[in-house]
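First the structure, in the form of structure tokens, and then the observations on it.
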Amino acid sequence: MEIILFELALTFYFTATIVSIMELFKGTKTTSKIMLSLSIIGFALHTSNIIARYVISGHIPIANLHEASSFFSWCIVMLFFFLEYRYRLGLLGSFIMPVVFVLMLSSSMLPRKIEPLSPVLQSYWLGIHTVLAFVGDAAFAMAFGVGIMYLIQEHYVKSKRLGGLFQRLPSLQMLDEVNYRLITIGFPLLTLAIITGALWAESAWGSYWRWDPKEVWSLITWFIYALVLHVRLTAGWRGKRAAILSIIGFCAVLFTFFGVNLLLKGLHSFK
Amino acid sequence: MKIVVIGLNHKTADIELREKLAFNGPRLEEGLLKIREIPGIRESVIISTCNRVEMYLNANDSGKAYESIKDFLAGFFDIQRESLDTALYVYDEMKAVKHIFRVASSLDSMVVGEPQILGQLKEAFEAALGKKTTGVLLNRLLKKSISVAKRVRTETRIAENAVSISFAAVELAKKIFTDLSGKSFMLLGAGEMAELAAKHIISNGVRDIVVANRTYERGRELAKEFNGRAVKFEDFLHEMVHSDILICSTGAQNYVLLKNQMQKVMKERKNKPVFIIDISVPRNIDPEINDLNNVYLYDVDDLQGVVDTNILERQKEAKKAEDIIEEEIETFRKWLSSLDSVPTVIALREKAESIKKEELERLINRLPDIGEKERKAIENLANSIINKLIHAPTIALKEDTEDKDMLIATIKRLYGLNGEDDVEK
């Protein structure tokens, strides 16, 4: 049952992605409405899938990489709806839905077995720590998409060729502001995720910090975003530079998420 | 019953003549009422804008209507009848429909795609409705024109891009800053073109307007006009720290703003974006400034380039719009021709009904003993016979065929439908 829900969600996200890419070439109000409706249906199915897994396993379903990247995508879509509702950034979906689809696709290719949680991890910290981390990462993913939009729009304005997407992309100021706001949401969440992680580690393994690869890379990510905020506030690194940094930051997020689990071994690795 | 357009526009009449023929305010209603008195004209709408004066009519004959409208205009505006000879154009039937659709969709405008015309057309229609000078034909036509124009606007990008330098500057400013209210603006120098662009920017709600001019007095005059403040020319660099938009046109022969100066300004404003429009020729601002982060510099050629691509874009979109209009003309033509056959259909049904009634009465009189049930059955039989008989010709009449006139004539003759002209009224 929950597998069918997942497949259906994936299918809807896939069609939404196709429509969102088509929208780049020839967009009308109808295409963006179709794209949004498909995403909403996908999201509803996706939510049911997560609830189903929660009911079956009895804990928040982020116990393996399949569940984790699925949950990560879910957070991104939720945040996407929020931004869409709040700011109505034109073409945002075209830059976010592909990210969601790729994450969901990777999730679908990973083993999906619902596994019992090892006793060490059975704690209320599991929910707190992971949800903080994932919502934070989702904000960074959005900042990544918005950053790319900024770079494209900035390229149009600088090169003085105002064709293509220029008319439909939001203004530079708007993109820069949203990018900044997303990072100011993501950064404290990441900070809290690292702190709660340390507390949990202390109660589970007996020490706050063990230089496990995941911890190291989270710290690197944390430093990158700290830098983004720092140079923005002190040296006025806004606009293009901020956009580039938020893209680099998201690469660190992705590596922390996938790279560490697939390439390096550590305490955070799933079975 | 014929749709006729008689009018003049910026292509056929110069501004002087257009001014003389403007139906302003109460003159419009007066004109509508005068036209109603003209024999042979059943419906009328007058649209009067600075670029066109047109009358949309439902007239019996376009040639006669043309002559009487000419008389009317000459009398109404007290001008020489001959001065209208070359200016007035006449279109009738489908050409007239096409013309009105194109006008509404802003394809016939001086600036193709300008949005005002649709509103003006709606006002003209409302004025005519108010004076009850329209009927079935023009109501349908005008409503259709408005919906065609809306369709053109949503399905093409005809009105999307700015086609003048000043508007292009505003459009760019809006893509750099979300909206211009709350932004501060500086005018450097006081060239005429700069003034025009400045007016456009200011009309979009910028706050804090600063004018820096070499002759301080002139700067103060302009500042007063814009509700801003004047500063000494030497102080402009200092002011730039707070200015988000700068329009420059000083008439200097060399650069008044260099890259290293701008770098300092950017540092002081913490890299907040700046949009600089250099309208001066020769240029007054070092073009390399555009390489700085968060600085967007456009000179006249850049803006003209934007305008040129926009015009090209509009022309491409105009082609799509013409296709839409062709499509809509076709549906309108179908409606029109169904209108012709309607009186015939009605006459046919009435003829059948009257025969049925007559025959039923005769039969009932001859059979006084039958009950209610039998009487109903006989009536039903009669009804279904006439319905089935007139079904096929009715369908044929409603169908859209080339030889419809002939078909209508044939049906009239076969069924002996005379007095059809009475039905039409």
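If you take the alpha carbon atoms of chain B and fit the smallest convex hull around them, that volume is 216 Å³ per residue. Please report, to two decimal places, log10 I(q)/I(0) for the range A:124-271 at q = 0.10, 0.12, 0.16, 0.17 Å⁻¹ as given by the Debye formula with identical point scatterers on the Cα atoms and no solvent. Once normalised to I(0) and log-transformed, intensities are -0.40, -0.54, -0.84, -0.91. When chains A and B come together, the accessible area they lose, probed at 1.4 Å and totalled over both chains, is close to 2200 Å².
The range A:171-210: which residues show an accessible-area loss of 10 Å² or more, assembly versus chain alone, 1.4 Å probe? Flagged in the range A:171-210: A:171, A:172, A:173, A:174. In this rough spin-label picture, where each label sits 7 Å from Cα along the Cβ direction, the residue B:398-residue A:124 distance is 7.3 nm. Between B:155, B:288, B:114, the GNM of chain B built on Cα springs shorter than 10 angstrom shows B:288 fluctuating the most. Residues in chain B average 51 Å² of solvent-accessible surface per residue, probe 1.4 Å, ligands and nucleic acids excluded.
For the range B:126-161, heavy-atom accessible area (probe 1.4 Å) falls by no less than 50 Å² from the chain alone to the full protein assembly at B:157.
In whole percent, how big is the carbon plus sulfur part of the accessible area of chain B, probe 1.4 Å, protein atoms only?
Carbon and sulfur: 52 percent of the exposed surface of chain B.
Accessible-area loss of 50 Å² or more (1.4 Å probe, protein heavy atoms, chain alone versus all protein chains) is found in the range A:236-251 for A:238. Most simply put, the protein assembly as shown has about 45% antiparallel DSSP beta bridges, counting only bridges with both residues inside it. Calculate how steeply helix B:62-77 sits against the longest principal axis of the alpha-carbon atoms of chain B, using the helix alpha-carbon long axis, and give the answer as 0 to 90 degrees to the nearest 10. Helix B:62-77 and the main axis of chain B meet at about 50 degrees. For peptide B:290-296, the mean count of partner chain Cβ atoms within 10 Å of a residue's Cβ comes to 4.
Accessible surface of the range A:118-271, 1.4 Å probe: 71 percent of it comes from carbon and sulfur atoms. On a per residue basis, chain A carries 44 Å² of accessible surface, using protein heavy atoms and a 1.4 Å probe. The lysine pair count for chain A, using Cα distances under 26 Å and pairs eight or more places apart or on different chains, is 9. Quick check: Cα centre of the range A:1-34 to Cα centre of the range B:65-82, how many Å? After rounding, the separation between the Cα centres reads 62 Å. Against chain A, whose longest principal axis is taken from its Cα atoms, helix A:240-254 shows a tilt of about 30°.
When N is the residue count of the range B:294-351, what does its C-alpha Rg come to as a fraction of 2.2 N^0.38 Å?
Rg over 2.2 N^0.38 Å, computed on Cα atoms: 2.41.
Full extension of the chain segment joining residue B:24 with residue B:370 gains 117.3 nm, where the gain is 0.36 nm per residue of separation less the Cα-Cα distance. Applying 1/(1 + (r/R0)^6) with R0 = 45 Å to the Cβ-Cβ distance of residue B:15 and residue A:102 gives a FRET efficiency near 0.15. A simple spin-label model places pseudo-atoms 7 Å from Cα toward Cβ; at residue B:235 and residue B:139 they are separated by 6.6 nm. Listed by chain and number, the aspartates and glutamates whose C-alpha is less than 16 Å from the C-alpha of residue B:64, apart from same-chain residues fewer than 8 away, are B:37, B:43, B:85, B:92, B:93. Listed by chain and number, the lysines whose alpha-carbon sits under 27 Å from that of residue B:357, ignoring those within fewer than 8 places in the same chain, are B:373, B:376, B:388, B:398, B:412, B:425. Projected label points at residue B:291 and residue B:384, each 7 Å from Cα along the beta carbon direction, are separated by 9.2 nanometres. The peptide list A:9-22, A:77-90, B:386-399, put in order of mean Cβ contacts within 10 Å with the highest first, becomes A:9-22, A:77-90, B:386-399. Adding -39500 (n - 2.57) for every DSSP H run of four residues or longer, then dividing by how many residues chain B holds, sets the calculated 222 nm ellipticity at -19000 deg cm²/dmol. Considering only A:131, A:157, A:102, the mean-square fluctuation computed in a Gaussian network model of chain A, springs between alpha carbons under 10 angstrom, is largest for A:157.
When the convex hull of its Cα atoms is viewed from all sides, the protein assembly as shown shows a mean projected area of 46.9 nm². For the segment B:172-180, counting C-beta atoms of other chains within 10 Å of every residue's C-beta and taking the mean gives 5. The angle between the Cα long axis of helix B:404-415 and the longest principal axis of the Cα atoms of chain B comes to about 20 degrees, rounded to the nearest 10. With a Förster radius of 35 Å applied to the beta-carbon distance between residue B:224 and residue B:281, the computed FRET efficiency rounds to 0.85.
Tell me, how many Å apart are the Cα centres for the range B:345-378 and for the range B:103-143? If we compute the Cα centre of each part, the gap is 50 Å.
The values are calculated or read from the model by the stated rules, or taken from the named source; none is laboratory data. Since we're looking at a predicted model, the values are computed, not measured. Don't worry about glycine lacking a Cβ; one is built from the backbone with ideal geometry, like all the others, and counts go over all protein chains shown. Calculation scope for accessible area: heavy atoms of the full protein, side chains included, ligands and nucleic acids excluded. Shrake-Rupley method; radii C 1.70, N 1.55, O 1.52, S 1.80 Å.
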